[in-house]
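Contents: one structure, followed by commentary.
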Amino acid sequence: MKSEESDLNKQLESLNKDLSELDEKRHQVSTENDVLKGHASQFDREKVNAENENARLLQEKEKVLAQQNELMKRLEELKETQRTLEAKQKNVEAQLEEFVHENERIRM
């Protein structure tokens, strides 16, 4: 009987030791899990911030592209105005040259 009791006590001690080790491991896993949850939460915040920044930059890009399109249209308008003015200038120069020749002919 005492031998049985001794064996049972040893088994109980062994089981208590195993239980303590398992409890310590559970605590370590729980701590690591909390750390990982913190990292995941930080990652999610950074992801949201990056998505918001990306959306802001896309809006800014669209705005810049729209401004670029407007400037390109204005540039084409100015080029057309320049071509028109150059044509008018040539016409005026031709008329002036004609006038000078006519004036010289009259003076002679």
*Select, from Ser14, Ser3, the only residue that is in a helix (DSSP H, G or I), loosely packed, with under 10 Cβ neighbours inside 10 Å and more than 52 Å from the chain's Cα centre (by Cα).*
Ser3
*Does Ala40 meet the test of being in a helix (DSSP H, G or I), of a type in the set (A, V, I, L, M, F, W, C) and modelled with pLDDT of 95 or more?*
yes
_Against the condition surrounded by 10 or more Cβ atoms within 10 Å (Cβ to Cβ) and either modelled with pLDDT under 95 or assigned to a helix (DSSP H, G or I) (or both), how does Glu104 come out, does it pass?_
no
*Of the residues Leu96, Leu85, Leu75, which single one is in a helix (DSSP H, G or I) and under 35 Å from the mean Cα position of the chain (by Cα)?*
Leu75
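The values are calculated or read from the model by the stated rules, or taken from the named source; none is laboratory data. On a predicted model such as this, the values are computed, not experimentally measured, just so you know. Cβ sites come from the backbone with ideal geometry, for glycine too, and all protein chains shown count toward neighbours.
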